[in-house]
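*Asks:* Structure in structure tokens, see below.
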Amino acid sequence: VNVKSALTAVALAAAAMSASATTTVGGISFADNAFADALYYSSGNFTTSGGSLSQVLTDKDAGTYAFSFSAGASVMLGFTDNNVFNGSGADLAIFELGIPDTVTVSLAGQTKSFQTVATGFSAGGYSLNVALVDFSDFGIVAGANLTYQQIGLDTNIGTVPSLSLVGALHVNAVPEPETYAMLLAGMGVVATIARRRKIA
Ligand SMILES: [Ca+2]
Ligand SMILES: [Ca+2]
Ligand SMILES: [Ca+2]
């Protein structure tokens, strides 16, 4: 082991931890892992653009969607590969297609309605609309971590939204244990070499 390769290992590990490629949807920039990636629960009969309900709501694609004519239809979406938190301003972007509709969000024991508005972009051949949700409106304190928090989306309150994508605007990376251990190991090697050099 030489200093150069040890430093390279540390640099690579650090890059792996901090790398945050971004994806732009409807003119809004998101970290690549900022999208809902788990469907915990659904209520009602859904029609999708193809594939399962879980697939169209967790595929990071604003052009695939699901809608329901069932009264009180809802889905519970979660985030598992990131830490979602209450940052400054809007925290959640709910994308929906076609004619702007109303969606509801249930969080911290409260349910609120949000009217989607056109983003000016299209997805899947439809007008792409978005509703921005601020967790503070639900009484959640600033900075509160909402990792694994389930989010309810009522897709039928008089209108029939075509829900296509849900993204978080403020996320922290969840450090991968292996990467973190590798970084610490790399730092240890560098420290050892530095001490040896001092003695020499
Ligand atoms: Ca989708
Ligand atoms: Ca907020
Ligand atoms: Ca719609």
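A short reminder: the numbers here are calculations on the coordinates, not readings from a lab. Keep in mind that this is a model prediction, so the values were computed, not measured. Positions of Cβ are backbone-derived with ideal geometry, glycine not excepted, and every protein chain shown enters the neighbour counts.
*Asks:* Taking N as the number of residues in region 48-91, what value does Rg over Cα atoms divided by 2.2 N^0.38 Å take?
*Replies:* Working: Rg = 13.2 Å, N = 44, 2.2 N^0.38 = 9.3 Å.
Normalised by 2.2 N^0.38 Å, the Cα Rg of region 48-91 equals 1.42.
*Asks:* Over all Cα pairs of region 63-120, how is the pair count split among 10 Å bins, expressed in % and running from 0 up to the last occupied bin?
*Replies:* 15, 51, 32, 2
*Asks:* Around residue 164, with a cut-off of 12 angstrom between Cβ atoms, what is the net charge of the other residues, counting Lys and Arg +1 and Asp and Glu -1? Don't jump to the answer; show the numbers that get you there.
*Replies:* Numbers: positive: 60; negative: 59, 61, 96, 101.
Taking every Cβ under 12 Å from that of residue 164, the sum is -3.
*Asks:* Now for a different question. Work through the residues other than residue 55 whose Cβ is under 12 Å from its Cβ and net out their charges, Lys, Arg +1 and Asp, Glu -1. Before the final figure, lay out each step's value.
*Replies:* Numbers: positive: 60; negative: 37, 59, 61.
Charge balance near residue 55 sits at -2.
*Asks:* A further question follows. Test of understanding: ordering 97, 128, 53 by Cβ neighbours within 10 Å, fewest first, what list do you get? Present the calculation step by step, with values, prior to reporting the outcome.
*Replies:* Working: 97 26, 128 23, 53 18.
Sorted ascending by nearby Cβ count, the order is 53, 128, 97.
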